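J.: Dropping the structure in here first, questions after.
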Amino acid sequence: MDTGLRITDTNSANDSKGRALGFEGNDFLYVVGGIVGAIGMFLLLYGMFHASLAAAGGFTVPVFVIPTAWVMMFRRGKPDGYAEDFFDHLLNREGFCFSPDNQNPRGSRAASKRRTRHAQ
């Protein structure tokens, strides 16, 4: 009995890592960790060590801002490995090419145009 239906194996799993607080995957943990760390540090400095409000706030703001900025600039809406590739490019200033001779120096024309000019 042929019904005309073809059965194929498919991967019907959800490719999303989930969302929480508007962030994909576990990115919200960095922000929440920064908030908890900043509040804890503020209470420790201001409440227990009697530091001034400005001094306690000045020391705790980076504890919140740095992880939040990291998530917003390098993780939110970016592909996996974006931060690693960004800093690799920033430090090495090299493009991807198997032959270093074909890599164009910074500010020069594209390598393909340079090759066609030499071939003439």
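J.: Here are some conditions: (1) at pLDDT 90 or above; (2) within 26 Å of PHE23 (Cα to Cα); (3) of a type in the set (Gly, Ala, Ser). ALA51 meets all but one. Which one does it not meet?
T.: (2)
J.: On the given criteria, is VAL71 of a type outside the set (Asp, Glu) and touching an Asp or Glu at 6+ places or on another chain (Cβ under 6 Å)?
T.: yes
J.: Give me the pairs: first residue in the stretch 50-73 and touching a residue at least 40 places away in the same chain (Cβ under 8 Å) and farther than 14 Å from ILE35 by Cα, second residue surrounded by fewer than 16 Cβ atoms within 10 Å (Cβ to Cβ) and β-branched (Val, Ile, Thr), beta-carbon distance under 7 Å, and six or more apart or on different chains, which are they?
T.: none
J.: Then there's this: Can ARG114 be described as at pLDDT below 95 and either part of a helix (DSSP H, G or I) or surrounded by 14 or more Cβ atoms within 10 Å (Cβ to Cβ) (or both)?
T.: It is true that ARG114 is at pLDDT below 95 and either part of a helix (DSSP H, G or I) or surrounded by 14 or more Cβ atoms within 10 Å (Cβ to Cβ) (or both).
The values are calculated or read from the model by the stated rules, or taken from the named source; none is laboratory data. These figures come from a predicted structure and were not determined experimentally. Note: ideal-geometry Cβ built from the backbone for every residue, glycine included; neighbour counts use all protein chains shown.
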